[in-house]
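Heads up, the thing below is written out as structure tokens.
The values are calculated or read from the model by the stated rules, or taken from the named source; none is laboratory data. Everything quoted here is computed from the prediction, not taken from an experiment. Don't worry about glycine lacking a Cβ; one is built from the backbone with ideal geometry, like all the others, and counts go over all protein chains shown. Ligands, DNA and RNA are stripped out before the accessible areas are found, and what is left, the full protein with its side chains, is counted by its heavy atoms. Shrake-Rupley method; radii C 1.70, N 1.55, O 1.52, S 1.80 Å.
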Amino acid sequence: MTEQPAPPPRPLPGAPPPLKPPTPPPNPWLAIWFHPRRTVRHILDTEPSYGVAFLAAMIGMLQSVTQILQTAKAGRVELNVTTMGFAVFGGFIVGLLALYLLGFIYRVSGHWFGGQGDSQDVRAAISWPQVPIFLSYLVWFILFYKESIGLPELPVSENIIYLSVATFFSLWSFLLACHTVGEAHGFSAWKGFFTMLAGNLLLLSPLVGVLLVVGLPNISKLVKSGGGSQWKPPAAPAGFSKKAQPGGKPSKGKAAPAVKEAVEIAGVSETDLDLFRLSGEVVRIKLKKGGEMEVPILDYDRDFLYVDTPKGMLNLPRGKVERIDSKRKPAPASVTATS
């Protein structure tokens, strides 16, 4: 018969409970996804600088490299070792500068809400929530090189797929940052949200100040001038009837040539039909009695083109003049002349 082990001794009255075995430290690369506060607290208590500079530099480099690849694909820059080197090095520097700048700004704004974190704590709190962003960049590279890796044609636009993925992981990263910034300062995630909001406003305040200083004089001039919305008809050129002004009626016996059915813009591209770009262009009108006549545009407003004819000025409604692409053959557009 085997001897039974002795039962554990009963704790004495008033004695503290036995200590639990220590929990193993979390893997921050995985735990940050669902346990942001516990993960950041473990990092701050052990090694606050762990992985912080690496994460900031990698995010900066990935953003810079993806932008240069998109620009090269569009043909606006030549992709070579030099451009890629500048992209990698520039992204590395910008990522670190943004890390230290935001760390300082969020430390200041956090203290406004009673936070206790220092700049090193805040830098760790804003770096580790960026881990989900790496997956959005992974999806971007897969879509960018889908032909090289043999990815079949997708039923949805690549831009829609990437924007959806990037939006999802960006929101996830932002929610994690609310918790981690709150943990670094010792308050709630809501205060972490307002800390980042106030910090971003503080960061943008110099830019807003410059825009106000530069823009206010121009705005005041615009207000004093009536907003620039008042349009005055131009004076009639020499040799033409003064009564044939835009919006008026030509004198009796001096009627301008009537438009038959169509007006064509000769040699004017679609973008040139915007306001402030029509002066000096030519309108070809078809006369009721047959034949054509090319007349210059003297002036314009949002409703009419005012053209010069031998008998006076003629008003052509802008809304009825078809916008013509210069790459296609000009097509006539139906107008009704008012004179």
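What pairs come up if the first residue lies in the range 18-37 and is closer than 25 Å to SER173 by Cα and modelled with pLDDT under 90, the second is open to solvent by 90 Å² or more (accessible area, probe 1.4 Å) and outside any loop (DSSP other than H, G, I, E, B), and their beta carbons are under 7 Å apart, counting only those six or more places apart or on different chains?
That search, which allows pairs on different chains as well, returns PRO26/ARG38.
Among the listed residues ALA184, ALA166, ALA177, which satisfies the condition of being in a helix (DSSP H, G or I) and over 24 Å from LEU62 (Cβ atoms)? Quick ask: steps written out before the conclusion?
Working: ALA166 fails: over 24 Å from LEU62 (Cβ atoms); ALA177 fails: over 24 Å from LEU62 (Cβ atoms).
Criteria check complete, one pass: ALA184.
Results for (1) open to solvent by 60 Å² or more (accessible area, probe 1.4 Å); (2) at negative phi; (3) outside any loop (DSSP other than H, G, I, E, B), shown as yes or no for each residue.
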{"site": "MET61", "(1), (2), (3)": "no, yes, yes"}
{"site": "VAL65", "(1), (2), (3)": "no, yes, yes"}
{"site": "THR82", "(1), (2), (3)": "yes, yes, yes"}
{"site": "ILE93", "(1), (2), (3)": "yes, yes, yes"}
{"site": "LEU97", "(1), (2), (3)": "yes, yes, yes"}
{"site": "ILE105", "(1), (2), (3)": "no, yes, yes"}
{"site": "GLY115", "(1), (2), (3)": "no, yes, no"}
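So which residues in the range 117-139 are of a type in the set (Val, Ile, Thr), under 25 Å from LEU44 (Cα atoms) and either without any contact (Cβ under 8 Å) to a residue 40 or more places away in the chain or part of a loop (DSSP other than H, G, I, E, B) (or both), if there are any at all?
Filtering the range 117-139 for residues of a type in the set (Val, Ile, Thr) gives 122, 126, 131, 133, 139.
If we keep only those that are under 25 Å from LEU44 (Cα atoms) too, we end up with 122, 126, 131, 133.
Across the range 117-139, the qualifying residue is only VAL131.
Could you grab me the full set of residues in the range 125-138 that are open to solvent by less than 40 Å² (accessible area, probe 1.4 Å) and aliphatic (A, V, I, L, M)? Write out each step before concluding.
We begin by selecting, within the range 125-138, every residue open to solvent by less than 40 Å² (accessible area, probe 1.4 Å); these are 125-129, 131-133, 136-137.
Hits for the range 125-138 are ALA125, ILE126, VAL131, ILE133.
In this structure, does LEU30 turn out to be within 18 Å of SER119 (Cα to Cα) and either outside any helix (DSSP H, G or I) or not small (Gly, Ala, Ser) (or both)?
Working: within 18 Å of SER119 (Cα to Cα): no; either outside any helix (DSSP H, G or I) or not small (Gly, Ala, Ser) (or both): yes.
For LEU30, the condition - within 18 Å of SER119 (Cα to Cα) and either outside any helix (DSSP H, G or I) or not small (Gly, Ala, Ser) (or both) - is not met.
Taking the range 67-83, which residues are within 23 Å of GLN130 (Cα to Cα) and out of contact with any helix residue (DSSP H, G or I) (no Cβ under 6 Å at 6 or more places or on another chain)?
Filtering the range 67-83 for residues within 23 Å of GLN130 (Cα to Cα) gives 67-70.
Selection gives GLN67, LEU69, GLN70.
Given the conditions (1) surrounded by 15 or more Cβ atoms within 10 Å (Cβ to Cβ); (2) assigned to a helix (DSSP H, G or I); (3) touching a Ser or Thr at 6+ places or on another chain (Cβ under 9 Å), and given that PHE86 satisfies all but one, which numbered condition is not satisfied?
Evaluating PHE86 over (1) surrounded by 15 or more Cβ atoms within 10 Å (Cβ to Cβ); (2) assigned to a helix (DSSP H, G or I); (3) touching a Ser or Thr at 6+ places or on another chain (Cβ under 9 Å) leaves (1) as the failure.
Could you tell me which numbered condition GLU147 fails, if it satisfies all but one of (1) open to solvent by 50 Å² or more (accessible area, probe 1.4 Å); (2) among the charged types (D, E, K, R); (3) assigned to a helix (DSSP H, G or I)?
Exception for GLU147: condition (3).
Report whether or not ILE142 is part of a helix (DSSP H, G or I), open to solvent by 40 Å² or more (accessible area, probe 1.4 Å), more than 26 Å from TRP190 (Cα to Cα) and at pLDDT below 90.
Numbers: part of a helix (DSSP H, G or I): yes; open to solvent by 40 Å² or more (accessible area, probe 1.4 Å): yes; more than 26 Å from TRP190 (Cα to Cα): yes; at pLDDT below 90: yes.
In short, yes.
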